[in-house]
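Chemist: First the structure, then my questions, so here it is.
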Amino acid sequence: MSSAVQSSAAPDGRSSPSDPVLIAGAGPVGLCTALTLARFGVPSLVLETEAERGADYFRETGSKAICFQRDVLDVFDRLGVAAPLVAEGTTWTTARTYYREHEVRTVTFPGGATGTASELPPWINISQARVEQELLRRAEAEQLITLRYGHRVTALHEHAGHVTVETDGEHGHGTARGSHLVGADGPRSAVRHLLGIGFPGESFADRFLICDIRAELPFPNERRFFFDPEWNPGRQVLLHQCPDSTWRIDWQVSEDYDLAEERASGALEARIRKIVGERPYELVWLSVYRFHERCAERFRVGRVFLAGDAAHLYAPFGARGLNSGVQDAENLGWKLACTRTSATGPRAAETLLDSYHDERWAAARENLRVTGDTMRFLVPHSEENRRCRRETLELAVTDPGARSRIDSGKLAEPYWYPGSSLTTPPAVSEPIPAEPGQSRPPVPGVICPDGPCRVPGRPEVTRLRQLFGGGFTVLTADPEHARALADAMTGTPLPVAVYALSDIDVEGTLATALRGGTGTTHVVRPDAHLCAVLPDADSRTVRAAVLRACGRPVGVPEGAP
Ligand SMILES: Cc1cc2nc3c(=O)[nH]c(=O)nc-3n(C[C@H](O)[C@H](O)[C@H](O)COP(=O)(O)OP(=O)(O)OC[C@H]3O[C@@H](n4cnc5c(N)ncnc54)[C@H](O)[C@@H]3O)c2cc1C
């Protein structure tokens, strides 16, 4: 049997505006990509190798990711799925690290612990399965998204102006045509293999036992990491609270660890009892993992892109895998939407699509650097590294100066794009602090700060970042300047909304957070990154910054091919 999944050729055989973007994989990154495209009115066709996913699938699937970072919750908010996840998730603000019985490092993330509508918490814990369930619910309700289960992508062909893929599965052989293809098909990505893109890096022999148990435990709601606790001597344990009285426990175990044997001998029960004591508990899920640190050589080849685990794999200490995959999806989604309008010409489209690789590949390299350092500290492989780690931990008990050298996982945060070709550089650049938990200055490249906000006639808007996502956003101090800027923004590839801070600010909080003088204009991309901060800018300068962020090369006049 053969199924033609989609066909909408334009008469000249090139991409038609109704060609969907093809997405391989209905995992969280594939679904976020589809939802971002839908926000811009772009249709997508999601091809998923597995069978249709109902409530049983989400109930029975163990959760890989559990920790979701505030800026990613913001992306979820733009995609319409954050509210139930934030309401249900367990909020935490503090990460503590212990060496034996001593607390040796504490990081507290600022603000927003309440989880109220106007403030997102810095972290929530919730199962990846619940996140996927909400994304799927939203995708199923979206007319622009077509989901095809039982369709495994097996071949791809790039043509002038469009791509086709071949699929097999329960529906037999099929073909699908689209304007572009996004490989969000996970670590063993067929799309990556079909493109012949290498996936260099390393895989660690060390093993980690991950257990989710349900129990009423008297522990604080914090991330707690233990080096060498008396109940796992010589190794480490990570403990996290999740909703529904569920606790995630992650033990480092030996390379030859045998789960079946440990279960059969009762050693697993004894291992868990060392943490829960005599309290009753239910084993919800468990698995043994080996971790990988890998990055695809390229994230773009022509009309084909890689995102999420298809593009990069990190050890999970620091929660950088899915959190960064969601940011890949949003980064790629708005750029694909922007180029499909073609309003800035083919050169702009090339620059913009290349910037997906440039920005997200740089983010992946940084995530690899950070998680690689963590793995070297957690599982040192040379005698020298082991000695160094022991000395650092012992010294940190008495010497606060040694504590910053302890690495139990540097928690995820968005990557910044100050050097991106889409970012208008500031006249004077400012260093961005790298310590976890510190807020970043509102300079070009970083995510725009959030804060309370009101928009006349839109009672649902309570914070600034709720204005972002549908196009570019321009913020300026004065209503008259805002009107002049709005007039100058006609004919841009994506919509530009201009706001005067004096109309939307609540008690000057935004002006303080943005640190702008009265003449400063902030330009925000659809993914909430500031792409320009312009003092005393006229309309032409602001328009040039928007077009630059849409890929128009600097110095190329408008209207040039
Ligand atoms: C133990 C553990 C803990 C983790 N904890 C965290 C955490 O706390 N926070 C965090 O951010 N990240 C965490 N991660 C990482 C996170 O789980 C992954 O980054 C995330 O699953 C990646 O999502 P994805 O959509 O890219 O890929 P996947 O979730 O792998 O989805 C890929 C989809 O593609 C489908 N597919 C595969 N091949 C094809 C094909 N040929 N054609 C069509 N469809 C195909 C698959 O069936 C699947 O549905 C953790 C990972 C592990 C292992």
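Just so it is clear, none of the values below were taken in a lab; they were calculated from the coordinates. The shown structure was predicted, so the numbers you read here are calculated from the model rather than taken from an experiment. We place every Cβ from the backbone using ideal geometry, glycine too, and count neighbours over all the protein chains shown.
Chemist: Excluding same-chain residues fewer than 8 positions from LYS64, which aspartates and glutamates have a Cα within less than 14 Å of its Cα?
Modeler: GLU132, ASP212, ASP250, ASP309
Chemist: Here's another thing I want to ask about it. What are the semi-axes of the equivalent ellipsoid for the range 213-315, taken as the square roots of 5 times the Cα gyration tensor eigenvalues, largest first, in whole Å? Don't skip to the end; give the middle numbers.
Modeler: Numbers: eigenvalues 222, 60, 37 Å².
Sorted largest first and rounded, they come to 33, 17, 14 Å.
Chemist: On to the next question. Tally Lys and Arg at +1 and Asp and Glu at -1 over the other residues with C-beta under 10 Å from the C-beta of ARG454: what net charge comes out?
Modeler: Details: positive: ARG458, ARG463; negative: ASP503, ASP505.
Charge balance in the 10 Å sphere: 0.
Chemist: Additional query: Taking every eigenvalue of the Cα gyration tensor of the chain, multiplying by 5 and rooting it, what semi-axes result, largest first, whole Å? Intermediate results must be reported in sequence, preceding the final value.
Modeler: Values: eigenvalues 313, 186, 92 Å².
Here the semi-axes work out to 40, 31, 21 Å.
Chemist: Also, quick follow-up: Angle check, please: helix 28-39 long axis (alpha carbons) against the longest principal axis of the chain (alpha carbons), in degrees 0 to 90, nearest 10.
Modeler: 20
Chemist: Name the residues of the range 208-230 whose amide N is less than 12 Å from a point 7 angstrom out from the Cα of GLU101 along the C-beta direction?
Modeler: 230
Chemist: Where the only charges are on Cβ atoms (+1 Lys, Arg; -1 Asp, Glu), what is the dipole of the range 246-361 about its Cα centre, to the nearest 20 debye? Please list the in-between numbers first.
Modeler: On the way: 16 positive and 18 negative charges, 95 e Å.
Computed about the Cα centre, the dipole is about 460 debye.
Chemist: What distance in nm separates the two pseudo spin-label positions at ASP258 and ARG365, each 7 Å out from Cα along the beta-carbon direction?
Modeler: 4.5
Chemist: Just to be sure I understand the model, the point goes 7 Å from the Cα along the line to the Cβ. What's the resulting LYS274 to HIS173 distance in nm?
Modeler: Roughly 5.6 nm, to one decimal.
Chemist: To the nearest Å, what is the center-to-center distance of the range 146-167 and the range 520-561, using C-alpha atoms only?
Modeler: About 35 Å separates the Cα centre of the range 146-167 from the one of the range 520-561.
Chemist: Given N residues in the range 330-488, what is its alpha carbon radius of gyration divided by 2.2 N^0.38 Å? Show your work: numbers first, answer last.
Modeler: Numbers: Rg = 21.6 Å, N = 159, 2.2 N^0.38 = 15.1 Å.
It is 1.43.
Chemist: Put a dot 7 Å past each Cα toward the Cβ at ALA427 and THR462; how far apart are the dots in nm?
Modeler: Once both label points are built, they end up 3.9 nm from each other.
Chemist: Put +1 on the Cβ of every Lys and Arg and -1 on every Asp and Glu Cβ in the range 407-497; which of ALA412, VAL496, ALA477 then has its Cα farthest towards the positive end of the dipole?
Modeler: VAL496
Chemist: Alpha carbon centre of the range 364-425 versus the range 243-312: separation in Å?
Modeler: Result: 21 Å between the Cα centres.
Chemist: While we're on this one: Calculate how many DSSP beta bridges within the chain are antiparallel, expressed in % of all such bridges and rounded to the nearest 5.
Modeler: Details: 70 of 98 bridges.
Around 70 percent of the beta bridges assigned by DSSP in the chain are antiparallel ones.
Chemist: What size of dipole, in debye to the nearest 20, comes out for the chain about its Cα centre when the only charges are +1 on Lys and Arg C-beta atoms and -1 on Asp and Glu C-beta atoms? The partial results should precede the final answer.
Modeler: Numbers: 61 positive and 72 negative charges, 121 e Å.
Taking the Cα centre of the chain as origin, the dipole is about 580 debye.
Chemist: On to the next question. Any chance you could list P(r) for the range 494-561, counting all Cα-Cα pairs in 10 angstrom bins from zero, rounded to whole %?
Modeler: All Cα pairs considered, the percentages come to 17, 49, 26, 7, 1.
Chemist: Compute the signed sum of charges (Lys and Arg +1, Asp and Glu -1) over the other residues within less than 9 Å, Cβ to Cβ, of TRP123. Write down the numbers at each step before the final one.
Modeler: Details: positive: ARG70, ARG223; negative: none.
It works out to a net charge of +2.
Chemist: When ranked by the protection proxy of mean other Cβ atoms within 10 Å per residue, highest first, what sequence do the peptides 370-380, 254-264, 510-520 form?
Modeler: Working: 370-380: 19.5, 254-264: 11.6, 510-520: 16.2.
Final packing ranking: 370-380, 510-520, 254-264.
Chemist: For the range 109-262, what Kirkwood radius comes out of the mean inverse Cα-Cα distance, in Å?
Modeler: Values: mean 1/r = 0.0489 Å⁻¹.
Taking every pair of different Cα atoms in the range 109-262, averaging 1/r and inverting gives 20.5 Å.
Chemist: Something else: Using per-residue counts of other Cβ atoms within 10 Å, averaged over each peptide, order 37-46, 313-322 from highest down. Present the calculation step by step, with values, prior to reporting the outcome.
Modeler: Working: 37-46: 22.1, 313-322: 24.9.
Ranking the peptides 37-46, 313-322 by packing returns 313-322, 37-46.
Chemist: A further question on this structure: In a shell of Cβ-Cβ distance under 12 Å around ARG548, excluding ARG548 itself, what net charge do Lys and Arg (+1) and Asp and Glu (-1) give? Walk me through the numbers before you get to the answer.
Modeler: Details: positive: ARG525, ARG543, ARG552; negative: GLU558.
Combined, the nearby Lys, Arg, Asp and Glu give +2.
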